[in-house]
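Worksheet for the structure shown next.
Throughout, read-outs are computed from the coordinates displayed, never taken from laboratory work. Bear in mind the structure is a predicted one, so any value in this text is a computation, not a measurement. Quick reminder, even Gly has a Cβ in these numbers, built from the backbone with ideal geometry, and neighbours come from all protein chains shown.
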């Protein structure tokens, strides 16, 4: 376990050490979240991995809606179940 120290300014601001920013993938202007749970505070990147990486890879197809993604997943699960039951 490593500990990194930072000083709180009069405005309540702190500088996130570079090692921590690199570990969490925090770039300039990124949003961070302070997650408070059972008296402990965790610093994380705000948003989901999907939100942070959306658009990073280009594909030839248009993005599917959540409903279409769910339908595709259900279809794939059903096909896999049929394949397994047919063995």
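Each of residue 46 and residue 11 was given a label point 7 Å from its Cα along the Cα-to-Cβ line. The distance between the two points is 1.6 nm. With both labels modelled 7 Å from their Cα along Cα-to-Cβ, the residue 72 to residue 29 distance reads 3.0 nm. Each label point was placed 7 Å from the Cα along the Cα-to-Cβ direction; for residue 1 and residue 80 their separation is 3.7 nm.
How do 31, 11 rank when sorted from fewest to most other Cβ atoms within 10 Å of their own Cβ? Intermediate results must be reported in sequence, preceding the final value.
Details: 31 10, 11 6.
With the fewest neighbours first, 31, 11 line up as 11, 31.
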